[in-house]
Amino acid sequence: MTVVFPSPFLRYNLQVSHPRTCVVSFRDIDGMQHSVEVTAASLYEAAALGVKAFRASIFAEWVKPGTATRLRVTVKSEEATHEVRVAQIERWLQSSGKSPREQALKERIRNALTA
């Protein structure tokens, strides 16, 4: 099941407060699909952790997502799929959080990306 939200900033876990197992994937310029499994509590957290895993991969020298890469995030337990561009994640992380909860989430994701 593919779910499209009217805003890229809505999190898929609005009603789910605990992390879910997700598969983050993308297709490279040759059409090959690359996937990694992560555990996250939001769409952007899952996408960011996926980017981190792809960048840390032994294949990162040859294949890694760029800012225009469309990431597919599939929530395994809910079987929902979402797409987000790396540039959207980066812009979202650079903006200030609208609530203390969102600020804490962004800080956790920023720390995960730099760790």
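For ILE29, only one of the following conditions fails: (1) in contact with a strand residue (DSSP E or B) (Cβ under 6 Å, 6 or more places away or on another chain); (2) at pLDDT below 90; (3) β-branched (Val, Ile, Thr); (4) open to solvent by 20 Å² or more (accessible area, probe 1.4 Å). What is its number?
ILE29 satisfies all of (1) in contact with a strand residue (DSSP E or B) (Cβ under 6 Å, 6 or more places away or on another chain); (2) at pLDDT below 90; (3) β-branched (Val, Ile, Thr); (4) open to solvent by 20 Å² or more (accessible area, probe 1.4 Å) except (1).
Mind listing whichever residues of the stretch 89-105 are touching a helix residue (DSSP H, G or I) at 6+ places or on another chain (Cβ under 8 Å) and part of a helix (DSSP H, G or I)?
ILE89, TRP92, LEU93, LEU105
Among the listed residues VAL24, VAL36, VAL84, which satisfies the condition of being in a strand (DSSP E or B), modelled with pLDDT of 90 or more, of a type in the set (A, V, I, L, M, F, W, C) and open to solvent by 30 Å² or more (accessible area, probe 1.4 Å)?
That would be VAL36, the only listed residue that is in a strand (DSSP E or B), modelled with pLDDT of 90 or more, of a type in the set (A, V, I, L, M, F, W, C) and open to solvent by 30 Å² or more (accessible area, probe 1.4 Å).
Out of everything in the stretch 51-66 that is closer than 19 Å to ALA40 by Cα and open to solvent by 80 Å² or more (accessible area, probe 1.4 Å), what residue ends up being farthest from the chain's Cα centre (by Cα)?
ALA56
SER77 - would you say it is polar (S, T, N, Q), assigned to a loop (DSSP other than H, G, I, E, B) and open to solvent by 50 Å² or more (accessible area, probe 1.4 Å)?
Against the criterion (polar (S, T, N, Q), assigned to a loop (DSSP other than H, G, I, E, B) and open to solvent by 50 Å² or more (accessible area, probe 1.4 Å)), SER77 qualifies.
The values are calculated or read from the model by the stated rules, or taken from the named source; none is laboratory data. Quick caveat: nothing in here was measured; it's all calculated off a predicted structure. When we count neighbours, we look across all protein chains shown, and the Cβ atoms used for this are built from the backbone with ideal geometry, even at glycine. When the accessible area is computed, the model is the full protein with side chains, heavy atoms only, and any ligands, DNA or RNA have been set aside. Shrake-Rupley method; radii C 1.70, N 1.55, O 1.52, S 1.80 Å.
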